[in-house]
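Beneath this line is the structure, given in structure tokens, with notes to follow.
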Amino acid sequence: MSSVRVAVRVRPLNKREKQLSSKVIVHIKGNTTTIRKPPPVRLDQLKDSVKTFSFDFSYDSSDRGRPTFASQKKIFQDLGTDVLKAAFDGFNACVFAYGQTGSGKSYTMMGHKEDKGLIPWICEGLFTERAHRCKSDGVSFHTEVSYLEIYNEHVQDLLRKRTPPTDGGGLRVREHPRDGPYVENLSKHLVHNHSDLEDLIVLGNANRTTASTGMNDYSSRSHAIFTIMFTQAQFDAELPRETLSKIHLVDLAGSEQADATHTTGVRLKESANINKSLVTLGSVISALADLSVGGQSAKKKHIFIPYRDSVLTWLLKDSLGGNSMTTMIATISPADVNYGESLNTLRYATRAKNIMNSPTVNEDGSVKVIRELQTEVTRLRKLLEEATQVFHGELSSSVKVKDKLRQNEAKVEALTKEWTRKWRETQSILQEETVALRKAGSGVILDCQLPHLIGINEGLLRTGVILYYLKEGRTLIGSAEVPCSQGIVPHGPGLLGEHCVIENRAGTVTLLPQDGGLCSVNGCVVTDPCQLTQGAIIQLGEGPVLRFNHPIEVSQLREKRQSRLQSVFSLSLTDLSKSTENPAKVMLQNSG
């Protein structure tokens, strides 16, 4: 069991608060945060005018000139390094920032280019540590990321082409019987290095919904969840070990009051949905805190956790009271004008301290079976040693133990070989700079930056998609055994040992038929060298059919088409401005 860690962070007075001549009423000393009620205070309220709270971490970021000033790097060193440690140990981790609008949540989580926040620091640390472990421990890694926002209770994919926020639509949230809630059709992107990760963060942030309110010029109008799925594999004492960790980094939209933010219309509706989900989050935290405090009782058994009352709490179900090491960062304003909101945030954070999670190492199922079998092998060996020390009457028992031991050892060896082969093959393909795998909706896209061939009819009883990428130089195609780095070996009737050669010279790809090798391109038999173009269909002999793709050519064709469309549109507008004819007729003439 592990309790949710809670940190509080106080930001500096902002421009609006300074214009209102606000007084600082929040003070931090060590891990203690004190808030004083602003005047006027009645005599009967003097006793409760100062409230003190204690948290795991308290950060004073209100004045850079103070020696106690907590920088972005300090936040990472205290909180982010533990997130990385949990991930490399095979645990799930979650960090979420909560507070009123304009209290510094997005700054703490994301920061900006000159002063990066917790998410960029964690991403950089992940690949720094990953590179170190690859060299020293021989560990293999596979990293995917997704980035979503919850806007007006609808889930939007921030790593897809941006569409205007609407009241309907959005991605659906489902629940897997074993893995829990997930977002259907949310894209997942394979990343090979820190630069890839940075590009995705920039893309997601550009697509996030923000707007200006009376309290914040760049107010987040949605909750954002950046997720890193981190798989690592290695051999530990000659046994395979594979773990999958999920890191959820959450920047919540701020709670806000309509009279303080002066929101109306669309902004008011956004505010209502934000507050609704945060109220539900508060109810979930309170219920989990009640469940965690004290021993078992009849009353506690009937506590209902309202996860499904909002999309946010449903998606964070495992991070709140589940299988995760979770940290909450409560951000507050030091100004007296925000006393009510700051006090509510501190109370909110105090409740979260009582939540107990049950983090466990997320080990691959097949690897777990191998380890269990190995434990059984060790037990059987011990039994066999004991059996050989007794008289001959126990010989039959000893033979049975030997047979079972051999069976289990054979299973361990076979499963270990299969796991090793599967992992190494997958990694060797995905670590190629020219090949990338990503999820798109309910499908998977295998991208290749080099010219390549796709197998179309490899037989009715074959499954899977075959992609042959064409490196610079000559690639032999035939039925004979050829080195994998130099040749392609499809299957089908009429295929000669050395059927043809594909030559790639500086991006120009040419098919060179060999003696006796029947080849056709787009239905026409070719006997001389033939330059291949995007989408060409190649048939070899009477069997294998391949489609040729050229990514660079596709990119050039797209640019030409876009340029042509823009030219037609510009010409049409010019003609429309000059012509007295029917505008629709002019447009049709130009486009034709």
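The values are calculated or read from the model by the stated rules, or taken from the named source; none is laboratory data. Just so we're clear, the structure is a prediction, and the values are computed from it rather than from any experiment. Positions of Cβ are backbone-derived with ideal geometry, glycine not excepted, and every protein chain shown enters the neighbour counts.
For F96, state whether it is farther than 24 Å from L346 by Cβ and within 18 Å of the chain's Cα centre (by Cα).
no
If you go through region 312-360 one residue at a time, how many are in contact with a strand residue (DSSP E or B) (Cβ under 9 Å, 6 or more places away or on another chain) and more than 20 Å from P38 (Cα to Cα)?
29
Within region 507-526, track down each residue that is out of contact with any Cys (no Cβ under 8 Å at 6 or more places or on another chain) and touching a residue at least 12 places away in the same chain (Cβ under 8 Å).
Matches in region 507-526: G507, T508, V509, G516, L518, S520, N522, G523.
Yes/no matrix, rows are residues, columns are (1) surrounded by 22 or more Cβ atoms within 10 Å (Cβ to Cβ); (2) in a helix (DSSP H, G or I); (3) at pLDDT below 80; (4) in the same structural domain as G80 (by TED's automatic domain parsing):
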{"position": "F226", "(1), (2), (3), (4)": "yes, no, no, yes"}
{"position": "L268", "(1), (2), (3), (4)": "no, yes, yes, yes"}
{"position": "S283", "(1), (2), (3), (4)": "no, yes, no, yes"}
{"position": "L288", "(1), (2), (3), (4)": "yes, yes, no, yes"}
{"position": "Q296", "(1), (2), (3), (4)": "no, no, yes, yes"}
{"position": "I303", "(1), (2), (3), (4)": "no, no, yes, yes"}
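Any idea how many residues of region 515-537 are part of a strand (DSSP E or B), surrounded by fewer than 17 Cβ atoms within 10 Å (Cβ to Cβ) and in contact with a Ser or Thr (Cβ under 7 Å, 6 or more places away or on another chain)?
The number of residues fulfilling the criteria is 2.
Quick check: is even one residue across region 475-489 closer than 22 Å to S555 by Cα and either modelled with pLDDT of 85 or more or in a strand (DSSP E or B) (or both)?
Within region 475-489, not a single residue is closer than 22 Å to S555 by Cα and either modelled with pLDDT of 85 or more or in a strand (DSSP E or B) (or both).
Tell me, which helices (runs of 4 or more DSSP H) lie completely within region 1-114 with 2 or more residues that are among the aliphatic types (A, V, I, L, M)?
Fully inside region 1-114 and qualifying: 81-88.
Taking N273 as the residue in question, decide whether it is at pLDDT below 85, in a helix (DSSP H, G or I) and buried (at least 16 other Cβ atoms within 10 Å of the Cβ).
For N273, the condition - at pLDDT below 85, in a helix (DSSP H, G or I) and buried (at least 16 other Cβ atoms within 10 Å of the Cβ) - is met.
Tell me, please, whether a residue that is in contact with a strand residue (DSSP E or B) (Cβ under 7 Å, 6 or more places away or on another chain) and over 25 Å from S2 (Cα atoms) can be found in region 75-98.
Taking every residue of region 75-98 in turn, none turns out to be in contact with a strand residue (DSSP E or B) (Cβ under 7 Å, 6 or more places away or on another chain) and over 25 Å from S2 (Cα atoms).
Restricting to region 73-89, name every residue that is crowded, with 20+ Cβ neighbours inside 10 Å and of a type outside the set (A, V, I, L, M).
Once the filter is applied, which keeps residues that are crowded, with 20+ Cβ neighbours inside 10 Å and of a type outside the set (A, V, I, L, M), region 73-89 yields F76, G80.
Could you check how many residues of region 122-139 are modelled with pLDDT of 80 or more and either more than 21 Å from the chain's Cα centre (by Cα) or surrounded by 13 or more Cβ atoms within 10 Å (Cβ to Cβ) (or both)?
8
Quick one: Q566 ticks every box in (1) modelled with pLDDT under 75; (2) crowded, with 16+ Cβ neighbours inside 10 Å except a single one, so which number is it?
(2)
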